[in-house]
Amino acid sequence: MEANEAKEKIEALRAQAEEHARRYYDEDAPTISDFEYDRLLRELLDLENAFPQFITPDSPTRRVGGRPSDKFAPVRHEVPLESLTDVFSTEELLAFGERIAEALPGDRQFDVEPKIDGLSIAVEYRGGVFWRGATRGDGQTGEDVTENLRTIRSLPRKLDNAPERLIVRGEVFMAKDTFAALNREREIRGEPLLANPRNAAAGSLRQLDPAVAAERRLDLIVYNIQLASRDYASHAETLEDLKAMGFPKVIPYRLYGSVAECVERIAWIGEHRDEFEYEMDGAVIKLNSLAQRQALGSTAKAPRWAVAYKYPPEKKPSRVLDIVAQVGRTGVLTPKAVVEPIRLAGTTVSNATLHNQDFIDKLDIRVGDTVWVQKAGEIIPEVVEVDRARRPEGTEPYRLPAVCPECGSPVVRDPDGAAMRCTGAECPAQQLRAITHFASRDGMDIDGLGPAAVEGLVNAGLISTAADLYYLEAQSVAALERMGKKSAENLIAAIERSKSQGMARLLSAFGIRQVGAAAARTLARRFPNIGALEEASFFELTEIPDVGPVTAQYLADWFASPQSQHQLRLLREAGVSFDSREEIADTRFAGKTFVLTGTLARHTRDEAKALIERFGGKASGSVSKKTDYVVAGEAAGSKLTKAQSLGIPVLSEEEFEAMLE
Ligand code: IVH
């Protein structure tokens, strides 16, 4: 590869790695599997090694983990929390063994441990009492998560016969069973599902509220003494001492005389991954003697005396029995392969996503095919490959249906993407979507009413529109499967509270096209309530900054529909507030009534009326004692005479304009 080309490639890989690292560490929401991420870093590292002139100190290959966030107090690690070098094959592993043999002739011992896919932390004990705990952060500085760590049962508060000073490194993880149960609960409450136990653990540990962290039932397994006022000769000795001090979960380890002898154990752990309570993404091979470790030292990023052997994500073949199109809550049709059940990464898999039509076309996946199904630490298994050699006779390419399987409406492709979407307004999937949107953060912000909860209520026949929410009774909600009295009462209370959200949220909750949260707020600043908005003329609406004729038309259409009117009536009767809680932008005409008469030179009647209303005033058609001003143009007639007789101030067009300045 030419230097130029390498430079470009390095920069592209770095940008990708940065982005994925940010998603992983800062947002706890990765979009690629850890295996893919490690591969990416490895490719970058190999290129940097071949072209060292392009290495920069801030390259992701030189850094460890994520930046500490500013939610928690920073903790400077007395002994840095180093990372590990990854190896992806037996050859690479043996090369590690050879490097060590060259540097350290003589006897050596290695230990093999599972590599737990959790969150690395350091816990400090003073006088045998738990004193402080911090996340790894960037390896030098982490976050103080002491209070959250206190909620972990496998973290002893007090140790037996501990050295005066002790810092132990370990992995906080969420057991696979706990993770599955947590996601089931989240589904019921309608909260987004967590991608994998690692993210669940990271998210839980970084909860600001320890009570929430406690509910998450995290676990801790320890695997290294970072610092101790006690002498040890080997790693195995430290692990035994940790057990003796009372750590209930110390990393399981086995010792071998050479790296070559470790291979079998590594393979065994890989094959039995399912049986461990935690997720693992590899095995760690470490030199046992602490003196030898010291002699080898570390590179900028990782110790020379250990490596992580990464297992590829588990993949198994199965047969496609059927392909079905599922209509999601947003109306998108997602093709799913129904496969012969297989055991994969600890669960039975009988469905695997095929993503979209483009993906099916690319792999040419057909009913009857033998496919490879993969679960890369994520919750949804996916088809990753087709075994063409095993395709039976007479199969046909698969196409998503042209009409929605739920409601029969036409399905159209999104203009800017691969998604195929149902167009039916009455589609049950779309109705679910409308109610979910109503309750969402952009709408009425009803706690605990996410997609799954809405689906439960609709399926049980308790609601069919958003307005029905306000007529729910705790008793019937509590009778729903997996709901319970307490959650039902909480839900009803949240719905009740939402009644006073006010016009802006309510308007945004309706999901009128083009009227999102921002436009809804603009409208709520302009009109005192939903009723006033409904009565506004088309021209008045288009006069409002950011509301064009298209939005004005959508608003008009929405108010004109009988369904909307029915919904509005139900909401009003339930006591939902239609009033604006926004500050009305400029209220100089508030409480003032204007009457327009004659022909104005620079404004039509409608325009002048809109201007009066924009500033909070009212435009009326006839003059009475309640009229505050009459604006008189050319050829004004009886209204002008009446105003004069009642002594009401009469304004010329110029005077009226001056009031608007
Ligand atoms: S030893 C200096 N042992 O893997 C040695 N790490 O990729 C430090 N991990 O940040 C690590 N299980 O969070 C070690 N048995 C184990 C481990 C382990 C999981 C994590 C740890 C580290 C990451 C490195």
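The values are calculated or read from the model by the stated rules, or taken from the named source; none is laboratory data. All figures in this text were calculated on a predicted structure; none of them were measured in a lab. Please note: Cβ atoms are built from the backbone with ideal geometry, for glycine as well, and neighbour counts cover all protein chains shown. Just the protein is used for accessible areas: all its heavy atoms, side chains included, with ligands, DNA and RNA removed. Shrake-Rupley method; radii C 1.70, N 1.55, O 1.52, S 1.80 Å.
The table for this structure:
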item	result
Matching residues, the stretch 300-331, being open to solvent by 30 Å² or more (accessible area, probe 1.4 Å) and either without any contact (Cβ under 8 Å) to a residue 12 or more places away in the chain or in a strand (DSSP E or B) (or both)	Tyr309, Glu314, Lys315, Lys316, Pro317, Arg319, Leu321, Asp322, Val324, Gln326
Yes/no for Asp557 being closer than 29 Å to Ala608 by Cα, exposed (fewer than 14 other Cβ atoms within 10 Å of the Cβ) and touching a residue at least 12 places away in the same chain (Cβ under 8 Å)	no
Condition met for Tyr24 (at pLDDT 70 or above, within 19 Å of Arg198 (Cα to Cα), in a helix (DSSP H, G or I) and open to solvent by less than 60 Å² (accessible area, probe 1.4 Å))	no
Selection count, the stretch 36-86, where residues are at pLDDT 85 or above and in a loop (DSSP other than H, G, I, E, B)	10
Candidate set from the stretch 456-486 (those that are of a type outside the set (A, V, I, L, M) and under 23 Å from Arg513 (Cα atoms)); member that is modelled with the lowest pLDDT	Ser464
Condition broken by Lys115, with the remaining ones in (1) modelled with pLDDT of 80 or more; (2) away from the ligand (no atom under 16 Å from the Cβ); (3) open to solvent by less than 60 Å² (accessible area, probe 1.4 Å); (4) in contact with a strand residue (DSSP E or B) (Cβ under 7 Å, 6 or more places away or on another chain) satisfied	(2)
Any hit, the stretch 252-262, residues being open to solvent by less than 30 Å² (accessible area, probe 1.4 Å) and near the ligand (Cβ under 10 Å from one of its atoms)	no
Output for the stretch 503-531, where each listed residue is surrounded by 19 or more Cβ atoms within 10 Å (Cβ to Cβ), among the small types (Gly, Ala, Ser) and in contact with an Asp or Glu (Cβ under 7 Å, 6 or more places away or on another chain)	Ala504, Ser508, Ala519, Ala524
Filtered residues of the stretch 390-431 (kept if within 27 Å of the chain's Cα centre (by Cα) and of a type in the set (Asp, Glu))	Asp414, Asp416
Selection status of Tyr278, hydroxyl-bearing (Ser, Thr, Tyr), within 28 Å of Pro105 (Cα to Cα) and within 11 Å of the ligand (Cβ to nearest atom)	no
Neighbours by Cβ (under 9 Å, 6+ apart or cross-chain): first from the stretch 561-574, surrounded by fewer than 17 Cβ atoms within 10 Å (Cβ to Cβ); second among the basic types (Lys, Arg)	Ala574/Lys499
Among the residues listed as Arg108, Arg132, the single one being touching a helix residue (DSSP H, G or I) at 6+ places or on another chain (Cβ under 9 Å), in a strand (DSSP E or B), open to solvent by 40 Å² or more (accessible area, probe 1.4 Å) and away from the ligand (no atom under 13 Å from the Cβ)	Arg132
Number of the condition not met by Ser318 [criteria: (1) under 30 Å from Arg42 (Cβ atoms); (2) in contact with a Pro (Cβ under 7 Å, 6 or more places away or on another chain)]	(2)
Number of positions in the stretch 418-437 that are among the small types (Gly, Ala, Ser), open to solvent by 20 Å² or more (accessible area, probe 1.4 Å) and over 28 Å from Lys362 (Cβ atoms)	2
Sole exception among (1) surrounded by fewer than 17 Cβ atoms within 10 Å (Cβ to Cβ); (2) at pLDDT 90 or above; (3) among the aliphatic types (A, V, I, L, M); (4) touching a Leu at 6+ places or on another chain (Cβ under 6 Å) for Ala493, by number	(4)
Residues being at pLDDT 90 or above and surrounded by 20 or more Cβ atoms within 10 Å (Cβ to Cβ) - total across the stretch 442-453	4
Subset of the stretch 628-661 (residues that are out of contact with any helix residue (DSSP H, G or I) (no Cβ under 7 Å at 6 or more places or on another chain), in a loop (DSSP other than H, G, I, E, B) and farther than 14 Å from Arg588 by Cα)	Ala635, Ala636, Gly637, Gly647, Ile648, Pro649, Ser652
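Table: residues versus (1) part of a loop (DSSP other than H, G, I, E, B); (2) within 16 Å of the ligand (Cβ to nearest atom); (3) open to solvent by 30 Å² or more (accessible area, probe 1.4 Å); (4) at pLDDT 80 or above.
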{"position": "Leu193", "(1), (2), (3), (4)": "yes, no, yes, no"}
{"position": "Ala200", "(1), (2), (3), (4)": "no, yes, no, yes"}
{"position": "Gln207", "(1), (2), (3), (4)": "yes, no, yes, no"}
{"position": "Val212", "(1), (2), (3), (4)": "no, no, yes, no"}
{"position": "Ile221", "(1), (2), (3), (4)": "no, yes, no, yes"}
{"position": "Ile225", "(1), (2), (3), (4)": "no, yes, no, yes"}
{"position": "Asp231", "(1), (2), (3), (4)": "yes, no, yes, yes"}
{"position": "Ala236", "(1), (2), (3), (4)": "no, yes, no, yes"}
{"position": "Leu239", "(1), (2), (3), (4)": "no, yes, no, yes"}
